[in-house]
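One structure is given below, encoded as structure tokens.
Computed from the coordinates by the stated procedures, all read-outs in this text should not be read as laboratory data. A quick note: this is a predicted structure, and the numbers were derived from the prediction, not measured. Cβ atoms come from the backbone with ideal geometry, glycine included; neighbour counts cover every protein chain shown.
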Amino acid sequence: MSHTYQDETSALSGSTATLKPLRDTQCALASESTAATKPVSELPYTSAPPQTLRDIRYDIGKETSGRWLGAMPIDTFLDKYVPATKEPLPDLPNDLFENFLTGGTKVQRYDHFITAIRVWMPHLDVVNTSTKGEIVNKVNLKTDISIYNRVEGVAPPDRTDFSRMELWIKFEEDKDDAAFQDPRDGTEEERLLAIETESFTPDTDKGNEARGQLAQYAGVQHSLQSWHFSFSVVVHGDHARFLRWDQSATVVTAAFNYRTNPRSMAEFLWRFNHLSPEQRGRDVSVQPANLTPEVDARILGKLGIKDVNIPLYKYEVPGLAGIGYAYGPRPPLEDHSLVIQRTHSLPMVWIPTKHMSTRPDSCDGPGSPSERNIDPSTGHDDVEEGWRSEERLIYMKDTWRFLSDLPDVEIKAEHEIYKILHDHQTPNIPKLVAGGDVEGGRTQTRELVNAPWLCVNPRISLYQHYRLVHGIVGRPLFKFECTKQLLTAVFDALQAHAHAVNCARILHCDISSGNIILTDEGRGLLIDWELAEMMDKCGSEGGRTGTWPFMSANLLMHPSKIHTVTDDLESFMHVLAWMTLRFVPAIELYEDVFRAHDMVMFNQRFVREGRSDRGGRRKRRAFRGQSYPSQTYKPRTPTPLWDLFSKLTSPFTSLYDPQPPTAEARKKIDIPKSEFDEGIEYLSCQIRHYDSNIERLQSASWFIITMKAALEERKWPTDDKFEENLPIFYDYWAQRQLQHWTRLYTESVWENPKHNLKRAASPISEPSAKRRRISPAASGAEN
């Protein structure tokens, strides 16, 4: 997954001389969120026709299945998440909400509600925003009531403004709650029945859309601000619920009647009013940049951003605290829930603290030695001096990394993986600058999976907010200047992979086109080792990892399969094929419909509720028929790369052979060669060919030798650079094909007992490409 773009190790001297300004589009890029994160706009891994707002909300509601933890008792929620204040709550009139429930139009009733609650929020501005929304990704989104921080002398926004919002309140039009249904009498039997039937979150169109709308609002608020968690209120009729959002799940309280029991509403809002920013969930490691106009302009220029009105922020980097800050814009918005928006990577500008030119009200200081990146083994500061004195362009990865709460499962942070790789002198990877966990950024919902009030079967994991910085910005792989450069980059990445496997005993587990990048010299780097595993522990966490279009057919067909070197080698083939079909110009006879048909192979996905998604059948069929990646594609400019495919993919023909040599067949050839007849000789040749191919798939050696020979011995064109030539109607056509195959697969294959494979540990159907290993024990009540 394309989280960070970096330069090769040999070019990392700390100088910014080789860094080039980025284009506008590059500055707006965010990597797909893994587990999965969403593909960048210029690198469409998956495609779908234009969606209506209802479709978007329905999809968001479905992707959050199993992530709504309720129904938490009100008092438990308040005590756990909203600490009490020493200041006494104002008196509560008995008829506090009578005007809201009975009088006037919808807008007038919202004004009555604001009048009732405003006394509990003296430090905040409460605004009726039901008629004035904010355009987000071309959609007008409106929260009914928006609550903003009060700023002396500054009027609050008179509309929905997610970039300033502290809390939002949503009123459901129907008195009945479509999103959630509490057990009727609250008994243990009713609670267990709700878990069994998943009735707390009704799986209906209306229910999914209602939950999707709530999750959409929370996702936008977190995208336009920096939050570790946040709160909101949902009102339906004379009942209400409180919600707490984080990257793992959403805690939902039991519904309560605020008309007859206004104290619960009052306690929540009064306590919220007195919370510190950190207690409300703010990530205080991100602040407005507050720079002088000259420095603002310099940063925008380095990032290649032409819009001078884009606000800039400063980000603290774990391991570099007190030395300086990373400056840049916020990541782009996504039409996904928080459980999908886990990873963003952006180019930033690093400015050392002592060179910082801020506005007079800034109070940045040099930081104490204890704040610096001290190596605990030596007691010395291990940050290069250039980071204290030089302004430079960097790439920062901001993610929520998976944690395990099992004592026998260790999940290494990505900077720890890089340290091991560098200790073993792994080539063609970037030099790590710094990385670490962001303070206060650990999710808390995982601890609720055994709560006595829980009415759902939770599917959540533990995550930690994390940042990683590299000192160079490369360019995406699809910006290759010729097909030889494309193959060279993949060849370099394959060498890095082989060295990591053979020397460091680390398996990457997420080979994709976004995780191989190009340096200024046209060489390749293998990046994003977040999902990498130590070879001696591969499979210890269960499930599969990777970026869907580039995962092996075996992993897609068998979600519980242990990830192996062979799977990564196949992923390299999918990277080459995907990049070729998507970006290498084809002959005119290769019509748009043929390209659309070929590209569907990478996105093929079969879905059934409650099971892990499956795919890979068309990949397997192409390998078996020796027609990978296409029978109709021909490059416009003849290139050895296309001829090389038949050789590089030949071992996979044996891997997916429907009738591999049997034990009986091997016994037949276990005789002296002098006794071979014509039939036995033919059988022997078949078995030797099969064994040779399978042996080639056990390491990268044969692939490296084959690629190196092709790069050295053949004549390559120099003018067959990338071309963004995906047909416009591919989106619609591909979606139709995926729907067709999904329907056939659901109706036939899933009913066939021999295809009833073991369920993978992570059953969530995530639209993002990245998928994280989650052990069965660490995934709550999953089966």
Per-residue Cβ neighbour rank within 10 angstrom, fewest leading, CYS685, CYS503: CYS685, CYS503
Label model pair ARG263, THR292: point-to-point distance (7 angstrom along the Cα→beta-carbon line) in nm is 5.8
Quick note, the stretch 54-280: a/c under 1.5 would make it rounded; otherwise a/b > b/c is prolate and the rest oblate (a ≥ b ≥ c, C-alpha gyration tensor); here it is rounded
Quick one: which of 68-79, 293-304 comes out on top by average Cβ neighbours within 10 Å, and what's the full order, highest first? 68-79, 293-304
Mean separation of Cα contacts under 8 Å (6+ apart) over length of the stretch 54-280, as relative contact order %: 29
Starting with the fewest neighbours, write out SER684, SER699 ranked by other beta-carbon atoms found within 10 Å of each beta-carbon. SER699, SER684
Chain lengthening between HIS274 and MET535 when straightened (0.36 nm per residue, less Cα-Cα): 89.0 nm
Please report the antiparallel percentage of the DSSP beta bridges confined to the stretch 54-280, to the nearest 5. 75
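Would you mind calculating the gained length between ASP95 and ASP158 on full extension (0.36 nm times residue separation, minus the Cα-Cα distance), in nm to one decimal?
On the way: separation 63, 0.36 × 63 = 22.68 nm, distance 2.80 nm.
Full-extension gain reported as 19.9 nm.
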Quick one: what are the phi-derived ³J(HN,Hα) couplings along the stretch 514-527, Karplus 6.51/-1.76/1.60 with θ = phi - 60°, whole Hz, x for glycine and proline? x, 9, 10, 10, 9, 8, 4, 7, x, 9, x, 10, 9, 10
Place a point 7 Å from Cα of LYS667 in the direction of its Cβ. Which residues in the stretch 675-707 have their backbone N less than 13 Å from it? none
Chain lengthening between ASN309 and VAL119 when straightened (0.36 nm per residue, less Cα-Cα): 64.8 nm
Put in order of increasing Cβ neighbours within 10 Å, starting from the fewest, CYS455, CYS482 give CYS482, CYS455
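When a/c is below 1.5 the answer is rounded, else prolate if a/b is larger than b/c, else oblate, so apply that to the stretch 188-318 with a ≥ b ≥ c taken from the square roots of the Cα gyration tensor eigenvalues. Provide the component values of the computation, followed by the final result.
On the way: a/c = 2.92, a/b = 2.07, b/c = 1.41.
Prolate shape, in that a/c is at least 1.5 and a/b is the bigger ratio.
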Residues of the stretch 604-636 with backbone N under 18 Å of the label point set 7 Å from the Cα of GLU588 along Cα→Cβ are 633-636
Can you tell me, using C-alpha contacts under 8 Å and at least 6 residues apart, the relative contact order of the stretch 523-589 as a whole percent? 26
Here, LYS132 and LYS86, labelled 7 Å along Cα→Cβ, have an inter-label distance in nm of 3.9
Go ahead and collect, in residue order, the members of the stretch 552-590 whose backbone nitrogen is under 15 Å from a label point 7 Å along the Cα-Cβ direction of THR637. 580, 583-587
